[in-house]
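Please read the structure below before turning to the comments.
Bear in mind that the values in this text are calculations on the coordinates, not laboratory data. These numbers come from a predicted model, not from an experiment. Neighbour counts run over all protein chains shown; Cβ positions are idealised from the backbone, glycine included.
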Amino acid sequence: MRFKDKVVVVTGGSRGIGKSIAESFSDEGATVIVTYKNAIDESYFDSKNIKHYKCDVADAKAVGELVDALVKEFGKIDVLVNNAGITKDGLLMRMSEDDWNAVIDTNLKGVFNFTKAVTRPMMGKKSGKIVNITSISGVIGNAGQANYSASKAGVIGFTKAVAKELASRNINVNAIAPGFIETEMTDKLSEEVKTNYLSNIPLKRFAKADEVAGVVKFLASDDAAYITGQTLCVDGGLVM
Ligand code: NAP
């Protein structure tokens, strides 16, 4: 029960990696709040005692209001996991401005919105852990993902800058760059793309979402108190 008495917010926690992160913190005693944009299986999350709020991470006003309400209700936020993310893949030549904006607004501006909103309450109590879910696409770039790679590289730079700003307040800010994790986001990739990925992964398998969740918990724990501004690749050795 490492996270007993901790309040943890996971953005985009209704499915995939975020859902696994939320359950994993809840299993270790945390009060967990997830956000989502479209829909959530309310009865499932209620049965797990995980609170859920509809809130588009790209909407700064909605994010600010939600964080204020959460601090009022739960007294504090100890851990923020910026996980919400989308892809709208396509070659640059054919990429629409809408697809560029949607990905940057969700994946990068969303991280800015939530991090900015939790900064004041975390600074007030002089402690906090922020874990940003980026991607190896932001580390090495991926053809067909100019928008996504740019957003995720932006998150890595953002993580470093904010880690420096908040270090004196005992707030750790780190990022995790997953490789290929089995979720709805990767289900939609073609067999050809999946086979190509697999052949380049030294561990010769894709990961389950809970293999990311474990690393998030490590970075949010006291075991990682002396780590800040870092990006950990959780990718079976794909990037090294
Ligand atoms: P996923 O299965 O598609 O789930 C995405 C989650 O984000 C959902 O809960 C979704 O909620 C939420 N979301 C999307 N847009 C949002 C918005 N504007 N505001 C609030 N919530 C929003 O994705 P995933 O595979 O679990 O990915 C999670 C994170 O890991 C993303 O940041 C992704 O880029 C990153 N990642 C994934 C992989 C991978 O292999 N799967 C690899 C590297 C990085 P709704 O259902 O309500 O839209």
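Checked against a 32 Å cut-off, the cross-linked pairs 76/194; 72/208; 37/194; 51/109; 126/194; 6/194 give Cα-Cα distances beyond that limit for 76/194; 72/208; 126/194; 6/194.
DSSP finds beta bridges in the chain, and of those with both partners inside it, around 0 percent are antiparallel. Per-residue 3J(HN,Hα) values for the range 93-104, derived from phi via the Karplus relation 6.51 cos²θ - 1.76 cosθ + 1.60 with θ = phi - 60°, read 4, 9, 6, 7, 4, 4, 5, 4, 5, 4, 6, 5 Hz in sequence order (x marks Gly and Pro).
In this simple spin-label approximation, residue 225 and residue 93 carry label points 7 Å from Cα along the Cα→Cβ vector, and these lie 5.6 nm apart.
Radius of gyration (Cα atoms) of the range 7-234, expressed as a multiple of 2.2 N^0.38 Å: 0.97. Angle of helix 16-27 to the longest C-alpha principal axis of the chain, folded into 0 to 90 degrees and rounded to 10: 30°.
The long axis of helix 146-166 is offset from the longest Cα principal axis of the chain by roughly 30 degrees. Tell me the angle of helix 209-220 to the major Cα principal axis of the chain, expressed in degrees between 0 and 90 and rounded to the nearest ten. Tilt of helix 209-220: around 40 degrees.
Distant-in-sequence amide contacts of residue 84, defined by a placed amide H-H separation under 5 Å and a gap of 5 or more residues or a different chain, comprise 11, 12.
The chymotrypsin sites (Phe, Trp or Tyr not before Pro) of the range 203-234 meeting both criteria, a DSSP state outside H, G, I, E and B (loop) and at most 15 other C-beta atoms within 10 angstrom of the site's C-beta, are 226. How large is the Kirkwood hydrodynamic radius of the range 94-165, in angstrom, based on all distinct alpha carbon pairs? After inverting the pairwise mean of 1/r, the radius is 13.1 Å.
For the pair the range 99-150 / the range 35-92, the C-alpha centres are spaced 14 Å from each other.
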